[in-house]
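Here the structure is laid out as structure tokens; the discussion comes afterwards.
The values are calculated or read from the model by the stated rules, or taken from the named source; none is laboratory data. Remember, predicted model here, so these are calculated numbers, not experimental data. Cβ sites come from the backbone with ideal geometry, for glycine too, and all protein chains shown count toward neighbours. Side chains included, ligands, DNA and RNA excluded: accessible areas come from the protein's heavy atoms. Shrake-Rupley method; radii C 1.70, N 1.55, O 1.52, S 1.80 Å.
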Amino acid sequence: MQIYLPIADIPVNIFLLLAMGAAVGFVSGMFGIGGGFLMTPLLIFVGITPAVAVASVSSHIAASSFSGALSYWRRRAIDPSLALVLMIGGTLGTALGVSTFTLLRSLGQLDLMIALSYVALLTSVGGVMFWEGLRAIMRARQGALPTVRRPGSHVWIHGLPLKMRFKRSKIYVSVIPVIGIGLLIGFLGAVMGIGGGFILVPLLIYILRVPTSTVIGTSMVLTLATMMIATMLHAVSNHLVDAVLALILMVGGVTGAQFGARAGQMIRGEQLRLLLGLLILAVGIRFAVELVIRPADLFTIRETEPCQ
């Protein structure tokens, strides 16, 4: 059954989109992260232009993050002050990302930059996560104890000025790295159509020492804010948000997430990290292959502004 996507300007099988949404929702529920890093490439692989894929997935991620953030808020597993400072950087980063997105699109280099960004980000992050998960499994089989970082340990970031106390997370750090992390996540989300949870959570844990009890909920609040802003800016400045596409993906995503959450509870932590790293690495390699294979159409026609 074909359905026409008005902004993407192509007909797509509705059951294929529902299946993609359910599959990405399953992965999101299993690993506890947003699925933008997987959804955007899948849409590009089925023929949707990268610009429309990035802009439309932003609304899908925002909707998914809202339900998750609401659940964590009810359990008081969110640090409001930390989320607010992160959102300051996230708002700036998102605005900068959308401006960069618009500039690259006007220059005709957007598709290439999105592909290169995915190859660089996913292969590096996926490779690190895969190796870390593999080492954890090997240590567990050898009976070695995991390396535990002492709670009182600090790094150079903790010596920066403009410190602020985040009571619920029980940390006392400078707002400079907090705003910087928010800016990075907002920029990547706007340009690549990813929530950035698989980057944000490790940064909060290993750099800012945010406890696991508040890190997931706080990261979802930032993802919600940045993706909402990115969706509005993309819709106003670029007119690329396909509401029909986003709605279909959300229906499939909500369904798949329920099953993914149950499956994730049956797998050990190091095995989850290994599988997630392998998945991210595979998507990055797939993008790399797309860049080097010979395209079916050697030439494209793009409408430009008439000369005055």
Item to check | Subset of the range 5-28 [among the aromatic types (Phe, Trp, Tyr) and free of Cβ contacts under 8 Å to residues at least 60 places away in the same chain] | outcome: Phe15
Item to check | In the range 216-260, the residues that are touching a Leu at 6+ places or on another chain (Cβ under 8 Å) and free of Cβ contacts under 8 Å to residues at least 24 places away in the same chain | outcome: Ser219
Checklist entry - Of these, Ile7, Ile88, which one is in a helix (DSSP H, G or I) and either at pLDDT 85 or above or open to solvent by 10 Å² or more (accessible area, probe 1.4 Å) (or both)? => result Ile88
Item to check | Within the range 212-242, considering residues that are open to solvent by 40 Å² or more (accessible area, probe 1.4 Å) and among the hydroxyl-bearing types (Ser, Thr, Tyr), the one nearest to the chain's Cα centre (by Cα) | outcome: Thr212
Next on the checklist: So, in the range 93-110, exactly how many residues are more than 22 Å from Ile176 (Cα to Cα) and either open to solvent by less than 70 Å² (accessible area, probe 1.4 Å) or part of a helix (DSSP H, G or I) (or both)?
Outcome noted: 12
Next on the checklist: I'd like to verify a number: residues in the range 171-207 that are open to solvent by less than 10 Å² (accessible area, probe 1.4 Å) and over 27 Å from His60 (Cβ atoms), how many?
Outcome noted: 2
Checklist outcome for this item: Restricting attention to the range 111-141, the residues that are buried (at least 19 other Cβ atoms within 10 Å of the Cβ) and touching a Gly at 6+ places or on another chain (Cβ under 6 Å) number exactly 6
Checklist entry - Looking only at the range 243-266, which residues are modelled with pLDDT of 65 or more and open to solvent by less than 40 Å² (accessible area, probe 1.4 Å)? => result Leu245, Ala246, Ile248, Leu249, Gly252, Gly253, Gly256, Ala257, Gly260, Ala263
Checklist entry - Got a number for residues in the range 66-85 being open to solvent by 50 Å² or more (accessible area, probe 1.4 Å), hydrophobic (A, V, I, L, M, F, W, C) and either touching a residue at least 24 places away in the same chain (Cβ under 8 Å) or under 23 Å from Gly253 (Cα atoms) (or both)? => result 3
Checklist entry - For the range 10-21, how many residues meet the condition of being open to solvent by 30 Å² or more (accessible area, probe 1.4 Å) and of a type in the set (Gly, Ala, Ser)? => result 1
